[in-house]
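The values are calculated or read from the model by the stated rules, or taken from the named source; none is laboratory data. The structure presented is a predicted model; accordingly, all values stated were derived computationally and were not measured. Using ideal geometry, Cβ is built from the backbone for each residue, glycine included, and neighbour counts are taken over all protein chains shown. Side chains are part of the model used for accessible areas, which takes the heavy atoms of the whole protein and leaves out ligands, DNA and RNA. Shrake-Rupley method; radii C 1.70, N 1.55, O 1.52, S 1.80 Å.
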Amino acid sequence: MRIESKHQNKLSGVLLTFLFAAIGFASYADSIPSGFSHPLVWRLGAEVAPAWVPGTNGFLDGENPLGRNIRNNLSASLRAGFSFAPDTREGLLYKGLYQGIGLGYTTFYSSELLGTPVSAYIYQGAPIVRFSPKLWLGYEWQFGAAFGWKHYDHETAENNAVVSTSVTARMGLGIKMHYDMTSRVRLSFGLEAIHYSNGNTSWPNAGVNSLGASVGVACLLGSDKSSEEAEAPAWLEEEADRGRWFYDLIAFGAWRKRIVNVGDPPTAELCPGKFAIAGFQVSPMRRLNRWVAVGAALDVQWDESAGLAPYWVEGSSDENIKFERPPFMKQVSAGLSAHAELTVPIFSVNAGFGYDVLSPRGNNRFYQSLTLKTFVTDKLFLNVGYRLGDFKEPQNLMLGLGVRL
């Protein structure tokens, strides 16, 4: 009986040791606050970006009322952004991550032709490689809207054949070198590409692109605590990088314009009015680490403008062109796509490549998508996406809501 008692005491001691260790570990884990539970680290700054405008259409190449080539632009932005405090979970796991809002002004040196659009956008960036505590190379994406274009309409069709709305989307991607000149002043310089488009919600939709340099300065507001001060514990990094599955369910809608080839020989006709889009996506994704997830998706979409050509009313054209309504299933596409996603706090950026197994007549079967997911809770997000065909044909926006399971 004494031997059994001694073994029981040893076993009890081991169990108690593990229990107290587990309680201590859980308490330590709970002691690391979330990013928004501590004051954010704010920076206020400005950027200037001279850029080259490639001649992607005739209007930019001089086929305009002034006979002027549009080859340059200059943008200036005021920006307010924040990082997570270095002693929070997000600050420890995503060192150097920053995000914020910007207000910008762009001139193409041809206000009579394009106007001088003003932009409002959100941005996010993070280090790719650090050369020293003060010098690092990082990426940055931007997404927002540009207002004030001198745009196409039927009365002044020649004034701007590349933008048909006063408001367009503004999408940017850049690579930037950052240098902390002092503990409060940060300089940046790099390259960025900007694309302006209305997402095929109106026509024409040739869009405008630019590629150029950016130079900026940002000043720290408040605390000068550096994100380099704290190191994430190994268990936190291991947990964040642990592979796991999640499932995104997205419902979206939009509207678009459509050009249809009708008659014999086929003639391209711009259909009057706008057409509705509705769809959903089911996407199982595997998170490889804290930054990257990959997976597949089932994409189903109904397009009111799809498959119209066989239902053209012969003899109708121009503003009076008419079509019989196609059966519902003749306007539905269903495809499978592969996806890669940048997963960071607040935002996720998703790129996809897919093929429609079921496709309305006249649609591109090979499609691409680029989506920004903005999380309003841990599970619920806003979805803003854009879909192309064969890397060149604008198809439609994807505006909706999603849930992550």
Highest GNM mean-square fluctuation among GLY144, GLY243, GLY91, for the chain with Cα springs under 10 Å, belongs to GLY243
Any idea of ARG290's accessible area? Nearest 10 Å², probe 1.4 Å. 20
Using 0.36 nm times the number of residues separating PHE189 and VAL403, minus their current alpha carbon distance, what extension gain do you get? 73.3 nm
Projecting the Cα atoms of SER37, SER132, GLY55 onto the charge dipole of segment 36-135, where Lys and Arg contribute +1 and Asp and Glu -1 at Cβ, the residue farthest towards the positive end is SER132
Given the candidates SER188, ALA306, GLY253, the one whose Cα lies deepest towards the positive end of the charge dipole of the chain, counting +1 at each Lys or Arg C-beta and -1 at each Asp or Glu C-beta, is SER188
Could you give the size of the charge dipole of the chain about its Cα centre, using +1 on the Cβ of each K and R and -1 on the Cβ of each D and E, expressed in debye and rounded to the nearest 20? 1120
Under a Cβ-Cβ cut-off of 13 Å, what is the net charge of the residues other than LEU60 that fall near it, where Lys and Arg count +1 and Asp and Glu count -1? 0
Accessible area of segment 301-397 divided out per residue, in Å², using a probe of 1.4 angstrom: 51
Once the Cβ-Cβ distance between GLU63 and ARG365 is put in as r, and R0 is 35 Å, what FRET efficiency do you end up with, to the nearest 0.05? 0.60
Which of these, GLU319, GLU63, GLU304, has the largest mean-square fluctuation under a Gaussian network model of the chain (Cα springs below 10 Å)? GLU319
Picking from PRO33, PRO117, PRO345, which is most flexible by a Gaussian network model of the chain using Cα springs under 10 Å? PRO33
I'm spelling it out carefully: the read-out is percent of Cα pairs over 33 Å apart, the candidates are (1) 46; (2) 28; (3) 37, and one was derived from this structure. Which label? (1)
Any chance you could look up the accessible area of PHE353 with a 1.4 Å probe, heavy atoms only, rounded to 10 Å²? 100
Simple label model, 7 Å out from Cα along Cβ direction - VAL292 to LEU380, nm: 3.3
Rounded to the nearest 10 Å², the accessible area of ARG79 using a 1.4 Å probe with every protein chain kept is 20
Percent carbon-and-sulfur accessible area, the chain, ignoring ligands, DNA and RNA, probe 1.4 Å: 64
Those residues of segment 189-211 whose amide nitrogen sits under 12 Å from the label point placed on ILE175, 7 Å along Cα→Cβ: 190-193
Taking the Cα centre of segment 204-300 as the origin and placing charges on Cβ (Lys, Arg +1; Asp, Glu -1), which of LEU221, ASN205, CYS271 is farthest toward the positive end of the dipole? CYS271
How far apart, in nm, are the 7 Å Cα→Cβ label points at GLU239 and ASP264? 7.0
Work out the length of the dipole vector of segment 300-404 about its Cα centre, built from +1 on the beta-carbon of each Lys and Arg and -1 on the beta-carbon of each Asp and Glu, and round it to the nearest 20 debye. 360
Distance cut-off 12 Å, percentage of C-alpha pairs in segment 326-366 lying past it: 65
Distance violations [Cα-Cα > 29 Å] among LYS274/LYS392; LYS150/LYS274; LYS322/LYS373: LYS322/LYS373
